[in-house]
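A.B. asks: One structure, as structure tokens, below. Some questions next.
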Amino acid sequence: MEPPVVAAGVDRPAVRRALLADGLRHLRQAGAAIAEMHIDPADDALVAACRVLGYEQDQSDVVYGLPVGGR
């Protein structure tokens with residue numbers, strides 16, 4: 001998934017936090033008890049934004065893949 005396009009000069013971390021917070025708001029309004037995301041642990045900015053909003057790390061994985069199809 002590609003990050004959203006943000007105009008030059010816009011506070012990208014603030015936009016990221018606002019999008020995450022709005023998503024949480026929608027989940028709460030829909031009655032969700034838990035919000036879970038799978039994110040790239042190497043994306044330090046996203047990890048920090050999630051922690052600011054109260055997300056806790058459940059696990060950290062590395063996924064290995066091998067293409068098995070044709071070219």
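The values are calculated or read from the model by the stated rules, or taken from the named source; none is laboratory data. Computed from a prediction, not measured in an experiment: that's the story for all the values here. FYI the Cβ positions are ideal-geometry reconstructions off the backbone, even for glycines, and counts take in every protein chain you see.
A.B. asks: Would you pick out the residues in the stretch 32-58 that are among the small types (Gly, Ala, Ser) and within 13 Å of ALA21 (Cβ to Cβ)?
C.D. replies: Within the stretch 32-58, ALA35, ALA49, GLY54 qualify.
A.B. asks: Assigned to a helix (DSSP H, G or I) and either without any contact (Cβ under 8 Å) to a residue 24 or more places away in the chain or loosely packed, with under 10 Cβ neighbours inside 10 Å (or both): does that describe LEU27?
C.D. replies: So LEU27 fits the description; yes.
A.B. asks: Here's another thing I want to ask about it. Which one is nearest to ASP11 (Cα to Cα), of the residues in the stretch 30-50 that are of a type in the set (Asp, Glu) and outside any helix (DSSP H, G or I)?
C.D. replies: Out of the qualifying residues, it is ASP43.
A.B. asks: Same structure again: Which one of VAL68, VAL6 is modelled with pLDDT under 85, surrounded by 10 or more Cβ atoms within 10 Å (Cβ to Cβ) and over 15 Å from the mean Cα position of the chain (by Cα)?
C.D. replies: VAL6
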